[in-house]
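Scroll down for the structure; my scribbles are underneath it.
The values are calculated or read from the model by the stated rules, or taken from the named source; none is laboratory data. Being a predicted model, the structure only gives us computed values, none of them experimental. Positions of Cβ are backbone-derived with ideal geometry, glycine not excepted, and every protein chain shown enters the neighbour counts. When the accessible area is computed, the model is the full protein with side chains, heavy atoms only, and any ligands, DNA or RNA have been set aside. Shrake-Rupley method; radii C 1.70, N 1.55, O 1.52, S 1.80 Å.
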Amino acid sequence: VQLQASGGGSVQAGDSLRLSCAASGLTFSRASMAWFRQAPGKEREFVTSVSWSGEIRDYADSVKGRFRVSKDNSKNMVYLQMDTLKPEDTAIYYCAARPEGSITTIASRYDYWGQGTQVTVSS
């Protein structure tokens, strides 16, 4: 299984970014997917998750109303649209896959992880 995250970059506060995660080696249409992030000196934290169908989504309170996750089963892709970015969103963003099971905020329940993509938001 491979998860390849991309789309990170350096932006100003208030800007937008769209992260992408390309998945291979798993039955993507059955997998729950998630994004986590880790800021320097902090633990990895849950950002958002999306169900196998793409219809059920969950968000951390800190990103609700600003971030939107989507899943394209025809392309084996999951996306994270991030709007109104804040300096506190600065982190490495990781996509994660859970081939079997429902969405969850618990990192240890995701079996596969991508390499991460850096997002830096300056004020």
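Restricting to segment 35-55, give me the number of residues that are more than 14 Å from Ser102 (Cα to Cα) and either among the aliphatic types (A, V, I, L, M) or open to solvent by less than 70 Å² (accessible area, probe 1.4 Å) (or both).
Count: 7.
Residues are listed down the side, and each one gets a yes or a no for (1) among the polar types (S, T, N, Q); (2) closer than 25 Å to Ser16 by Cα:
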site: Asn76; (1), (2): yes, yes
site: Lys86; (1), (2): no, yes
site: Cys95; (1), (2): no, yes
site: Glu100; (1), (2): no, no
site: Thr105; (1), (2): yes, yes
site: Asp111; (1), (2): no, no
site: Val119; (1), (2): no, yes
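Need pairs with beta-carbon distance below 9 Å; first residue on the phi > 0 side of the Ramachandran plot and within segment 54-72, second part of a strand (DSSP E or B) and among the charged types (D, E, K, R); sequence gap 6+ or separate chains.
Partner pairs satisfying both residue conditions: Gly54/Lys71; Gly54/Asp72.
Just give me the residues in segment 63-108 being polar (S, T, N, Q) and part of a strand (DSSP E or B), in sequence order.
Ser70, Gln81
Which of the residues belonging to segment 35-53 are without any contact (Cβ under 8 Å) to a residue 40 or more places away in the chain and farther than 22 Å from Gln118 by Cα?
Trp52, Ser53
Does segment 44-52 include one or more residues that are in a loop (DSSP other than H, G, I, E, B) and over 15 Å from the mean Cα position of the chain (by Cα)?
No - not one qualifying residue is present in segment 44-52.
May I ask you to list the residues in segment 19-29 that are exposed (fewer than 13 other Cβ atoms within 10 Å of the Cβ) and either assigned to a strand (DSSP E or B) or free of Cβ contacts under 8 Å to residues at least 24 places away in the same chain (or both)?
Result: Ser24, single match.
Can you go through Ser10, Ser16, Ser32 and tell me which one is in contact (Cβ under 8 Å) with a residue 40 or more places away in the chain, surrounded by 15 or more Cβ atoms within 10 Å (Cβ to Cβ) and of a type outside the set (Lys, Arg)?
Ser32
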